[in-house]
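Reviewing the structure listed below.
The values are calculated or read from the model by the stated rules, or taken from the named source; none is laboratory data. Remember, it's a predicted structure, so these values are computed and weren't measured experimentally. Quick reminder, even Gly has a Cβ in these numbers, built from the backbone with ideal geometry, and neighbours come from all protein chains shown.
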4 protein chains.
Amino acid sequence: MIVEMRTGATQEEVDSVVQKVKSFGMDVQLNVGTDKTVVAILGGNTGQLSTDLFAVMPGVESVTRIMKPYKLASREVKPKDTTVNIKGVQVGGKRIVVMAGPCAVESEEQLAEAARAVKEAGASILRGGAFKPRTSPFSFQGLEEVGLELLAKVKKRFDIPIITEVVDPHDVDMIAKVADILQIGTRNMQNFALLTAAGKSKRPVVLKRAFSCTITEWLTAADYLLAEGNKNVILCERGIRTFEDSTRFSLDLSAIPVIKKSSHLPVIVDPSHATGHYSLVPAMAKAAVAAGADGLLIEVHPNPEEALVDGLQSLTPSNFAKLMGELRVIAEAVGRYI
Amino acid sequence: MIVEMRTGATQEEVDSVVQKVKSFGMDVQLNVGTDKTVVAILGGNTGQLSTDLFAVMPGVESVTRIMKPYKLASREVKPKDTTVNIKGVQVGGKRIVVMAGPCAVESEEQLAEAARAVKEAGASILRGGAFKPRTSPFSFQGLEEVGLELLAKVKKRFDIPIITEVVDPHDVDMIAKVADILQIGTRNMQNFALLTAAGKSKRPVVLKRAFSCTITEWLTAADYLLAEGNKNVILCERGIRTFEDSTRFSLDLSAIPVIKKSSHLPVIVDPSHATGHYSLVPAMAKAAVAAGADGLLIEVHPNPEEALVDGLQSLTPSNFAKLMGELRVIAEAVGRYI
Amino acid sequence: MIVEMRTGATQEEVDSVVQKVKSFGMDVQLNVGTDKTVVAILGGNTGQLSTDLFAVMPGVESVTRIMKPYKLASREVKPKDTTVNIKGVQVGGKRIVVMAGPCAVESEEQLAEAARAVKEAGASILRGGAFKPRTSPFSFQGLEEVGLELLAKVKKRFDIPIITEVVDPHDVDMIAKVADILQIGTRNMQNFALLTAAGKSKRPVVLKRAFSCTITEWLTAADYLLAEGNKNVILCERGIRTFEDSTRFSLDLSAIPVIKKSSHLPVIVDPSHATGHYSLVPAMAKAAVAAGADGLLIEVHPNPEEALVDGLQSLTPSNFAKLMGELRVIAEAVGRYI
Amino acid sequence: MIVEMRTGATQEEVDSVVQKVKSFGMDVQLNVGTDKTVVAILGGNTGQLSTDLFAVMPGVESVTRIMKPYKLASREVKPKDTTVNIKGVQVGGKRIVVMAGPCAVESEEQLAEAARAVKEAGASILRGGAFKPRTSPFSFQGLEEVGLELLAKVKKRFDIPIITEVVDPHDVDMIAKVADILQIGTRNMQNFALLTAAGKSKRPVVLKRAFSCTITEWLTAADYLLAEGNKNVILCERGIRTFEDSTRFSLDLSAIPVIKKSSHLPVIVDPSHATGHYSLVPAMAKAAVAAGADGLLIEVHPNPEEALVDGLQSLTPSNFAKLMGELRVIAEAVGRYI
């Protein structure tokens, strides 16, 4: 951490900063320039120190953080790639793992049709939401417990692992009984009570990026899961909010190589929620694989026109099968497979 | 809702759209242009209908929502201003209500000192966080239950209503026993489980705007509280995330006149979290009052240099007292008082 | 265009709107709902009409544009893909066209080395800036006329077409004598004097997206070039400004499929300026090709450590050659070639 | 400037960085931590040095700029407030200077009516655009030279200084003959050719903030004007682009206290373009004055319904007169006058 003193800061002001640093058991080095004094705070734990502690002191111009605020998610702490095992499917290895299915579980028939279609096309994991975070209280809120039972049933019938969302910390245990992967949605990435509960469950978690948070904040949120001893964390880029309005969100594919540099965690991409339109999903799914994503989360609905939620961004089974064919070629072109 | 058909859409495609509209019990009017057919969907409930239902149909170019998705928070539903009564203090009337205090409760002494200072300077409500949503698991997380007890004690001693944050839906009842106002923070604005619980409690709520959400989404979140029968909803603008990096967030003061047009709910402003720096708080507090805010939420700490959380954005008691003097003059200039 | 009247608008107010529409020679259709009257304005030219004309009238609640504001760049006006011919190199066909070279022309030696390297590795076009738009007046501003002469010399020696930036409308003719493609940079996308001059020159233009403009605004800016009769327009996505700070800008690859739907113009991608870091360029270049880009604009410097401008985002010749090998495989995987 | 070396960087890598720093004639101080070495570059001119120069070197993890990139606009260089004299009207003193008038000059009658109205209501300067930067080539582009003549005529008749926009560097001299203030619009803030020409003219300039640029970039753009010896620079905040869509832009009033801290230049506010709606202008104009703005730029049109450009954001003369009355009270409340 670098504390820059104001031009004309007094010796007393500099001394106070130095003493405060030492009170935290850290070392300091002074750079006395012609204009300004700069205080460098040394030590491995400055990432967890608030910059405000020094910024508020008299004579201080600015405080710059050099260490990242996240720790357990960083590649410095764990240089080797993490792989997460979902009943024999490795996320984070050479295989591109495709998770697909409807946004919301609507009925047994709908879910079963979707499961059959995505499995046949080569997806490894079935997605389907029972508890839905909806922006309006007057929208369909998901089938909740009933939806969870349908997921359990279809999972067994088609022998396919499932991923489903959890929105309340107190539902984690109930959902973890059925789900192979807990999904934490974009609006809950900084719901710290939920992160702590999901961390305690030790169940694999897909942590979606908040559509308004930086990669640094995302990895810091992952620290909440890892700090509880849950090593099975998969990140999921799903688009960020920008001024562009021709897509629902702006898919930030640069996040993939950035995360591969800074973190050991696997990262997948959800092109369906990002673009908001089925016609844009194939291009972005292919781009994600080319950029180095470890997997994809894609919405597929047996009949998008009848979907209760997000029909416009869902692929039909036949479009999904066609896309899987194209993805296999791209995966090969980057030395991987589906 | 306006459904625009593609150039060259067939009669069958237009008919399908019309039939789907009618299946929802709504009326339709067709505009057959030279190039394009436009289908207008009529009826008072189209705000709650998903645009996807039509956007996904063959031959459809785009679907435009005209009704707002929120309902109970809208001025159309309730033309008269809402006022929220906090033990005799009216939020939303002629008085500008100032809520002030430390970001986090740290000790009885710190809280008591803050309470004395803000009350003396003319604040009506004491703020203080016991349960803190912190972005890193390695940061100070608040005193939790102990903090709540201190709030209860100081509230009684200084006879001042308090506002404190709630982060877990299952803590609402416990916190509502002590707090006169429940604060829902920016990261929880779309934590729908928490909104529902806070709505059920009927306790006055300050709903902070998510730093990444539009005013429309904010009012739609308020609908969650109102839909549970809780009419005591106060909105709080606290800055949105933009590319500008000289302030922590960008305070969106235009939200005030926009909300006054579209909603009946009172709106207050938090200049401390928005700017992130005590030296910017006075200018933005004054601007908020001039723009028509119904109140302010300001961080005051007896000793900002020692603050465990957000010291840099906290005013000292003497700076706060000075600001209150300036605010009184501005309040008068816009026909109000503090 | 859809004009929604306020609840309770009077008959006179509705009539005024209808008369104003008719005064522009357009037709109208009225939707008289139970709550509200909605006026649909019909006709092919409503995209060029300002919404303000109606929004400002008494009794009007809101005005929604349905037609896009751009015209000549739209696929509706010209359904067939445009290809731009650069001395036999087709941009917009099956070939992925790679333009590469240094950000700024620094010396004959530097430019010649870069030209040799990128040509050997398979690039079709050499990039190099002589006139540089620099954010500070105290930064290196480019070699200007001298740089232009070096470009002419190296172009001849290596027999490779060149692209270079133009920043002043009055330089267009001079630069068009040397450049095979005029580059209009991100900060000039809405410099309408410059667009008009570049349009008049009829020289092929690469129009970079303003880092703060929507795709709709970008295509509307392209209309300025097309309106002057210059059909040789190539769009270039180069990253948009968002809150994310781990990359210099956020590369919006979704722009590629969006443009392919809405416009006939070819689109290329600049991963160097977008990411700002050479280590992120390969992943994003591959992703761009997988997403359907028609070409790439990549910074290559014989010695990035010595670069006067943007060294951090430049590839070395050997890294560029390696990337070209990887891009060939991806191009093939999407049915194209380099 | 702080260069942080990677964990495990070699002694040779550190030495190279040190040598490069010394080659620029600057001093260095090494902080050898347990994990990492940090190199602090000392000297007063590091703000003008590119961070890339070091970021690109082997063994470097990151480079952090501490000095601001702007120089002449900074308060460190000139601690005393600048005031700009417009024919006896001081911008940057105790008086709040109001500039008002139509967005575009349409006819002599319209301009004269506007001039009379704004002068009567107490505005000091008349605004009116002759050269308009319009996003579509099919929109009204301004009266150009004819508009300029009308401005000259009305200026003389009503004896009121005028401000008008310049969009092409080669028009500066012609426009400077008529205009008392040159306006550089938001889309031209980084049109460096235009900035240089306007700087050379020595005529007072209102430099609008680019809607996508940070305050730091804005002040760096002001350096272009100041570097040519033009000291008459007035900054104008006019809204930034964010995700919020209920206003045309988001007015960033925090920019006012931030600029007052970092720069000596006066700053005014344009609430009309920011909000895009006349009904929001009064609240934001009052807030701007309360926040410390030195002036306002407000659109007033004798007949907004007939305006060719931006009618929706224009006040009528009577609404403007009413607002001026309210502003006088606010100005007084902050110790100033209009």
Open item on the list: Looking for something in contact with a helix residue (DSSP H, G or I) (Cβ under 8 Å, 6 or more places away or on another chain), within 13 Å of chain A (Cβ to nearest Cβ) and either of a type in the set (Gly, Ala, Ser) or more than 18 Å from residue B:106 (Cα to Cα) (or both) - is there at least one such residue anywhere in region B:139-157?
Closed with: yes
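Each row is one residue, and each column tells you yes or no for (1) more than 10 Å from every other protein chain (Cβ to nearest Cβ); (2) surrounded by fewer than 21 Cβ atoms within 10 Å (Cβ to Cβ); (3) touching a strand residue (DSSP E or B) at 6+ places or on another chain (Cβ under 7 Å); (4) closer than 21 Å to residue B:9 by Cβ.
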position: C:20; (1), (2), (3), (4): no, yes, no, no
position: C:36; (1), (2), (3), (4): no, yes, yes, no
position: C:41; (1), (2), (3), (4): no, no, yes, yes
position: C:58; (1), (2), (3), (4): no, yes, no, no
position: C:64; (1), (2), (3), (4): no, yes, yes, yes
position: C:67; (1), (2), (3), (4): no, yes, no, yes
Open item on the list: List the residue pairs whose Cβ atoms are under 7 Å apart, where the first residue sits in region D:88-111 and is over 14 Å from residue D:124 (Cα atoms) and in contact (Cβ under 8 Å) with a residue 60 or more places away in the chain, the second is buried (at least 24 other Cβ atoms within 10 Å of the Cβ) and of a type in the set (D, E, K, R), and the two are 6 or more positions apart or on different chains.
Closed with: D:102/D:299; D:103/D:299
TODO: Taking the residues in region C:70-98 that are surrounded by 21 or more Cβ atoms within 10 Å (Cβ to Cβ) and part of a loop (DSSP other than H, G, I, E, B) as candidates, determine which candidate is farthest from the other protein chains (Cβ to nearest Cβ).
DONE: C:96
Open item on the list: So in region C:329-338, with the set limited to residues that are closer than 21 Å to residue C:279 by Cα and in contact (Cβ under 8 Å) with a residue 12 or more places away in the chain, which one is farthest from the chain's Cα centre (by Cα)?
Closed with: C:330
- [ ] Name the one entry in B:227, B:176 that is farther than 30 Å from residue D:282 by Cβ and in contact (Cβ under 8 Å) with a residue 60 or more places away in the chain.
- [x] B:227
Open item on the list: Filter region D:13-44 down to the residues that are at pLDDT below 90 and acidic (Asp, Glu) and list them by number.
Closed with: D:27, D:35
- [ ] Give just the number: which of (1) farther than 19 Å from residue B:239 by Cβ; (2) of a type in the set (Gly, Ala, Ser); (3) not in a helix (DSSP H, G or I) does residue D:325 not satisfy?
- [x] (3)
TODO: Quick one: residue C:116 ticks every box in (1) over 19 Å from the mean Cα position of the chain (by Cα); (2) within 30 Å of residue B:37 (Cβ to Cβ); (3) surrounded by fewer than 21 Cβ atoms within 10 Å (Cβ to Cβ) except a single one, so which number is it?
DONE: (2)
- [ ] Within region B:233-273, track down each residue that is in contact (Cβ under 8 Å) with a residue 24 or more places away in the chain and of a type in the set (Phe, Trp, Tyr).
- [x] B:249
Task: Any hit, region A:162-183, residues being under 19 Å from the mean Cα position of the chain (by Cα), under 30 Å from residue C:274 (Cβ atoms) and not acidic (Asp, Glu) - done: yes
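Within region D:209-220, track down each residue that is within 7 Å of chain C (Cβ to nearest Cβ) and without any contact (Cβ under 8 Å) to a residue 40 or more places away in the chain. Walk me through how you get there before you give the answer.
Residues of region D:209-220 within 7 Å of chain C (Cβ to nearest Cβ): D:211-212, D:217, D:220.
Passing the criteria: D:211, D:212, D:217.
Look at residue B:196 and say whether it is surrounded by fewer than 24 Cβ atoms within 10 Å (Cβ to Cβ) and hydroxyl-bearing (Ser, Thr, Tyr).
Yes; evaluated as a whole, the condition is true for this residue.
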Task: Spans of helices (runs of 4 or more DSSP H) in region A:225-319 with at least 3 residues touching a Phe, Trp or Tyr at 6+ places or on another chain (Cβ under 7 Å) and at the interface with chain C (Cβ under 7 Å from one of its Cβ atoms) - done: none
- [ ] Please work out which one of (1) surrounded by fewer than 24 Cβ atoms within 10 Å (Cβ to Cβ); (2) closer than 27 Å to residue A:169 by Cβ; (3) away from chain B (no Cβ under 13 Å) is the condition residue A:206 fails and give its number.
- [x] (1)
